[in-house]
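K.L.:
Below is one structure. I have some questions about it.
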Amino acid sequence: MVRSGQARVRVGITEVTGPSMVPTLVHGDRLAVRYGALVRPGDVVVFRHPLQQDLLVVKRAAERRRGGWWMLGDNPFNETGDSTDYGAVPEELVLAVAFLRLRPRPAGQRSLRAWLSWAWSAVRPLRADASASSRLRAR
């Protein structure tokens, strides 16, 4: 937990599973997230699945609609498991906003060149992508 002025900001790490957020995120990536952060269109968020609330889901918040956030994956070839299946996600089910992607180091990287290549791409900030949000809404 980190203090920000008077408010406490909870920060955590979560792991991505599945292909729905490719190319932004791949299976095995880890995300640094802020719990309770303000969600903006285009943010990558963690939320409870509306129909199976013990399941946590990572998607992009495309837009706010009546009833909550319209969530979509970035992968155009994986069209299941988002708001097109279960509708808008109520605000109270949205838990956190991702701000950093951490890609784990692949096993077997022994050369300096491979290690430097991984190090260069392992940590990437995640910002709200308004263009992704409008592109996804068009699907």
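The values are calculated or read from the model by the stated rules, or taken from the named source; none is laboratory data. Keep in mind that this is a model prediction, so the values were computed, not measured. Glycine gets a Cβ as well: all are built from the backbone with ideal geometry, and neighbour counts include every protein chain shown.
K.L.:
If only one of E92, E63 is free of Cβ contacts under 8 Å to residues at least 12 places away in the same chain and under 16 Å from R40 (Cα atoms), which one is it? Walk me through how you get there before you give the answer.
P.N.:
Working: E63 fails: free of Cβ contacts under 8 Å to residues at least 12 places away in the same chain.
Being free of Cβ contacts under 8 Å to residues at least 12 places away in the same chain and under 16 Å from R40 (Cα atoms) holds for just one of E92, E63, which is E92.
K.L.:
Oh, and also: Every residue in the stretch 22-55 that is of a type in the set (A, V, I, L, M, F, W, C) and either touching a His at 6+ places or on another chain (Cβ under 6 Å) or more than 13 Å from V97 (Cα to Cα) (or both), please.
P.N.:
Of all residues in the stretch 22-55, those of a type in the set (A, V, I, L, M, F, W, C) come to 22, 25-26, 31-33, 37-39, 44-47, 51, 55.
Result: V22, L25, V26, L51, L55.
K.L.:
Same structure, new question: Just to check your reading of the model, which residue among A98, A37, A62 is part of a strand (DSSP E or B) and either over 11 Å from the mean Cα position of the chain (by Cα) or over 20 Å from D129 (Cβ atoms) (or both)? Step through it out loud before you land on a result.
P.N.:
Values: A98 fails: either over 11 Å from the mean Cα position of the chain (by Cα) or over 20 Å from D129 (Cβ atoms) (or both); A37 fails: part of a strand (DSSP E or B).
The conditions single out A62.
K.L.:
Give the residue that is farthest from K59 (Cα to Cα), with candidates limited to residues of the stretch 69-124 that are surrounded by 11 or more Cβ atoms within 10 Å (Cβ to Cβ) and among the hydroxyl-bearing types (S, T, Y).
P.N.:
S117
K.L.:
May I pose another question? Would you mind stating whether L112 is under 14 Å from the mean Cα position of the chain (by Cα) and not β-branched (V, I, T)?
P.N.:
Details: under 14 Å from the mean Cα position of the chain (by Cα): no; not β-branched (V, I, T): yes.
Spelling it out, it is not the case that L112 is under 14 Å from the mean Cα position of the chain (by Cα) and not β-branched (V, I, T).
K.L.:
I would also like to ask the following. Counting only residues that are surrounded by fewer than 20 Cβ atoms within 10 Å (Cβ to Cβ) and at pLDDT 90 or above, how many does the stretch 1-22 have?
P.N.:
Kept after step one, since they are surrounded by fewer than 20 Cβ atoms within 10 Å (Cβ to Cβ), are these residues of the stretch 1-22: 1-15, 17-19, 22.
In the following step, the residues that additionally are at pLDDT 90 or above were identified as 10-15, 17-19, 22.
Total satisfying the criteria: 10.
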